[in-house]
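The values are calculated or read from the model by the stated rules, or taken from the named source; none is laboratory data. Remember, predicted model here, so these are calculated numbers, not experimental data. Here Cβ is always computed from backbone atoms with ideal geometry, including for glycine, and neighbour counts include all displayed protein chains. Please note that ligands, DNA and RNA were not included when accessible areas were found on the heavy atoms of the full protein model with its side chains. Shrake-Rupley method; radii C 1.70, N 1.55, O 1.52, S 1.80 Å.
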Amino acid sequence: MSFQAPKGVPEYLPPRSATFLAVREAFATAAGNAGYSYIEVPVFEDTELFARGVGASTDVVSKEMYTFADRGGRSVTLRPEFTAGVMRSVLEHGLHHGQLPVKLWATGPAFRYERPQAGRFRQLQQFNVEAIGSEDPAVDAETIALAWAGYQALGLTRVRLLLNTLGCKQCRPAYRAALQEFLRALDLDEDTRRRIEINPLRVLDDKRPEVRALVENAPLITDHLCASCKAHHDRVRSLLEDLRIPWEDTPRLVRGLDYYTRTTYEFDHPMLGAQSGIGGGGRYDGLSEDIGGPALPGIGFAVGVDRIIMAVEAENDDRPAPPRVEVYAVPLGEEAARRVFTLVHELRAAGVAADMAFDGRGLKGAMKGADRSGAAYAVIVGERDLAAGTAQVKDLVSGDQTALPLAEIVTTLKEILTK
Ligand code: HAM
């Protein structure tokens, strides 16, 4: 019997897994540079947290959650996203009583029972950033700039930033009513009519061309903002302008989670086809109260690591695989294998990534291993070298080979490699 990974669950094997780490690293560096600290939150939480936090009417909660009863009969859910869990943790541990905003990043898998297709997975990997406890539009712009820096560090040049605002408690109800009135007058199917009553904004987001045509003249949130939401939005945009981060105003941008208020945004990559969203986020000024906390504003985003890997590959598909090690040692004979084992250990201790041929491989097979490892140098030690206290150092690019004293190999290679 043989097994396969569960449907819709991507795996990252070498050498591709190096890109996975590079994506995390790019965003972790950007987050660290902006003063965000790491938080490790649970992979599963009380189901009710997501029902209340993300919103019971969203697809994520109503159709896509991995929910089960644990052995104690509690209903738990594998996190479909990070924001609700991060807010829960901040409130539970009182981080909001310290300096504000509380700035945190987290990363790892999230789970959504979606129909798997290219770029849409059931176990998806996110890099998530939250700034909790500030209403300053500069924090909104900071989160956008942070994500932008991450994409740039990865060499992505075709990322688009789509920007919108969803208004607040004050102005959204009137907009929602105006939108509902407009939508109710249209000739729409039963399902969509139901959606008008539950979440009319989602109708604006319908991908079907016939629905798109019908909603073309629907009222837009940007024409219904209260003065403070308008000022907030204008400020975010002028700060982005100052940073020279280009964006597209997208007044129909609707996010799939219920907690959003004011600033919302998505990052999109044009080479990814239907699943082109490589990140998204926004403000969630009511989330804390929705899950039983005090009034506490927040903003953040998550980027989709899986899709960013695809974008990096799409923009730059002939990238060479990164080398696995810098030095590959080839012992010929049992005595040499023993000496080389220590040599490799010493190289590693000196900070030089090193590997060696095992299983008594002959010269030909071992040199093939050296090439495959991506190492810049091979160190070959035969019985005669051993007797003479030398090793052959071969430059695997030029093919040049020189004999060096065994005792100097570590310092010499370290010097050459750090040049
Ligand atoms: P989201 O838009 O649901 O937002 O997800 C963020 C990103 O995760 C998406 O842009 C996409 O790249 C990736 N993603 C989502 N679902 C899948 C999937 N099934 N397969 C592959 N990638 C996927 C959130 O999750 C919010 N919690 C973001 C946030 C943080 N808002 C405020 N703070």
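Whole number in Å², please: accessible area per residue of the stretch 202-268, 1.4 Å probe, ligands, DNA and RNA not counted.
Each residue of the stretch 202-268 exposes 52 Å² on average to a 1.4 Å probe.
Using the basic label-point model (7 angstrom from Cα toward the beta carbon), what is the Ser238 to Ser37 distance in nanometres?
3.4
Going down the list Lys207/Lys230; Lys63/Lys169; Lys394/Lys414; Lys364/Lys419; Lys394/Lys419; Lys103/Lys230, which pairs span over 22 Å between their C-alpha atoms?
Result: Lys207/Lys230; Lys63/Lys169; Lys364/Lys419; Lys103/Lys230 exceed 22 Å.
Using a 1.4 Å probe on the protein heavy atoms only, what accessible surface does Asp59 show? Give it in Å² to the nearest 10.
In the full protein context, Asp59 sits at about 70 Å².
Whenever you get a sec, compute what percent of the accessible area on the stretch 12-159 sits on carbon and sulfur atoms (1.4 Å probe).
Answer for the stretch 12-159 is 52 percent, counting heavy atoms of protein chains only.
For the stretch 327-417, what does the accessible surface come to per residue with a 1.4 Å probe? Please give it in Å².
Computed with neighbouring chains in place, this is 55 Å² per residue.
Enumerate the amide H contacts of Ala110 below 5 Å, restricted to partners 5 or more residues apart or on another chain; note that Pro and chain-start residues carry no placed amide H.
HN-HN under 5 Å from Ala110: Leu124, Gln125, Gln126.
With a 1.4 Å probe and all protein chains left in place, how much of the accessible area of the stretch 327-417 comes from carbon and sulfur atoms, in whole percent?
Here it works out to 52 percent.
In degrees between 0 and 90, to the nearest 10, how far off the longest principal axis of the chain does helix 227-242 point, with axes built from Cα atoms?
30
With N set to the number of residues, divide the alpha-carbon radius of gyration of the chain by 2.2 N^0.38 Å and report two decimals.
In units of the globular-protein estimate, the chain measures up at 1.25.
Compute the acute angle (0 to 90°) between the alpha-carbon long axis of helix 17-33 and the principal axis of greatest extent of the alpha-carbon atoms of the chain; round to the nearest 10°.
60
For the chain, what is the relative contact order in percent, using Cα pairs closer than 8 Å and at least 6 residues apart in sequence?
15
Run the simple label-point estimate for Glu248 and Ser228 please: 7 Å along Cα→C-beta, distance reported in nm.
Simple spin-label model gives 3.2 nm for this pair.
At what distance in angstrom do the alpha carbon centres of the stretch 281-295 and the stretch 89-150 lie from each other?
14
Out of Gly389, Ser373, Val344, whose Cα points farthest toward the positive end of the dipole of the stretch 327-417 (charges: +1 Lys, Arg; -1 Asp, Glu; placed on Cβ)?
Of Gly389, Ser373, Val344, it is Ser373.
Around Gly279, which amide H atoms from residues at least 5 apart in sequence, or from another chain, sit under 5 Å from its own amide H, with H modelled in the peptide plane?
Hits under the 5 Å cutoff: Phe267, Gly304.
Residues with amide H under 5 Å of Thr165's amide H, sequence separation 5 or more or different chain, H placed in the peptide plane at 1.01 Å from N; which?
Here Thr264 satisfy the definition.
Relative to the longest principal axis of the C-alpha atoms of the chain, give the angle of the C-alpha long axis of helix 172-184, reported between 0 and 90° and rounded to the nearest 10°.
Its long axis makes an angle of about 80 degrees.
Expressed as a rounded percentage, what relative contact order does the stretch 327-417 have, with Cα pairs under 8 Å and six or more residues apart?
Reported relative contact order: 30 percent.
Using Cα springs under 10 Å in a Gaussian network model of the chain, which residue among Arg176, Arg184, Arg237 shows the largest mean-square fluctuation?
Arg184
Dipole size in debye (nearest 20) for the chain around its Cα centre, Lys and Arg Cβ +1, Asp and Glu Cβ -1?
It comes to approximately 440 debye.
Could you point to the residue in Ile221, Thr165, Thr58 farthest towards the positive end of the chain's charge dipole, with +1 and -1 charges on the Cβ of Lys/Arg and Asp/Glu respectively?
Thr58
State the Cα centre-to-centre distance between the stretch 222-255 and the stretch 304-322 in whole Å.
30
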